[in-house]
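Enquirer: The structure's right below; bear with me while I get my questions together.
Readers should treat all values here as calculations from the given coordinates under stated rules, not as data from a laboratory. Since we're looking at a predicted model, the values are computed, not measured.
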Amino acid sequence: MLILLVVAVTAYCLVAFSDIPILLSARDIWIETAMTTADHQWLATLLFPRSVIESTMGRQVMPDDVTQRHDLVDIGARRDESDDMQAAYADAGGGRAAGAGGSGAAGSAGGGGAGRAGASGSGVGAAGDGGGAGGAGASDYGGNNGYGGRGGYGETVFDGAGDRGAMGQQGAYGGAPGQGGAAGGAGAGAGTDALGNKIIVDDADQGIRIVEVKGATYVGRVLFVADPSRVVVRHTRNPGAIGQLIGDYLTQHGAIAGINGNGFDDPEGHGKGGSIIGWSVSGGKEWGTGPRNEYSSSGFSEDDVLVVGKMSSFAEHGIRDMVQYGPALIVDGKLLIKGSAGWGLQPRTAIGQLGDGTVALATVDGRQPGHSVGITAGDLASLLYDYGCVNAGLCDGGSSSVMMYDGSVIGSPSTPMKDTGRYLPNAILVLRK
């Protein structure tokens, strides 16, 4: 018995205090995951000394750390300065236009009809074969980051008339920043996109594609909508009293898809979504409590550019629709979060925007061993970055994380209300055409 006790104490000391990398990593993830929940912090406080918990959580990357060093993004102004990239219709449709200051020529012709060139050299093609080799884009995207060096998008699809159409197969990224990328192919194969992820919804009529994403610890999905003007935020009918289910938001506002947005007061996991945390903007109407710059914002300006960061005034940035949570994941083409960053493994929701204006809405399941434990903030940031997002931020996660498409919940929310999701103070919606 004494031997067993000594072994147990030794094992505990190794796990609790050791700096052996594999044990340190496992301990940090455990503590971060427990301490970033509302109701399960006891899983850390019961097992580890306060000094160990404080040391681990002291390394957490907070929104203050990642927004104050970066200007709020306004790529709309840059698009206005580069009308040839934003508004010109490419005859061939498949290439990537040379960005301002870029060192490469426009990409070679791809198959398909007319396409519209995107911001900072990210030209896009219409439906057809994969785009040709992408030329270099802006060598200094946003003053800091060479963004145009990723290869041609292939088919981020606009229809023949130049209007935004369905999200098409993306060509593989290639090439170093500032150089022409490799040719964008038509994807990894039937039923998958260029990153090898399974396409589970391809709705050409509504301009929507949903792909399933998987990693060692998670299962999730990313919804792409080509037209950012259709992405809005809507508040509950009864602010301060009770929220609404995601399906109610879709029905009330004529939306085809939606995800959750802000957090809300949730005592003992029984909150009803009426008391919002932070601020939200819906059609220019503000709702919230506390300082406006307490949380990181992810919101669309009047010209449909996703602005990510902290704001003291939403009107100053022309915000029409916005949610708050954080932290910011990508700002101005630069990854701000790597690894767990003190946020652990959780179910998560995020919103991002690609350089051509396409919006990405992501949800990841979690807290379900055998299916999906969750995703780190850094892994979600990297996933959106790999798809070409130049701006992205986290929304509320945990048991509130939910995605609905055409009346059905997609995925497995970590709540007993799996078919409906929880009551929410607001929702990010994709309006029907």
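Enquirer: Find how much the distance from residue 15 to residue 204 grows on full extension, using 0.36 nm per residue of separation minus their present alpha carbon separation; answer in nm with one decimal.
Expert: Full-extension gain reported as 62.9 nm.
Enquirer: May I ask which of 214/272; 334/433; 338/433; 198/433; 310/338 have a Cα-Cα span longer than 29 Å here?
Expert: Flagged as over cut-off: 214/272; 334/433; 338/433.
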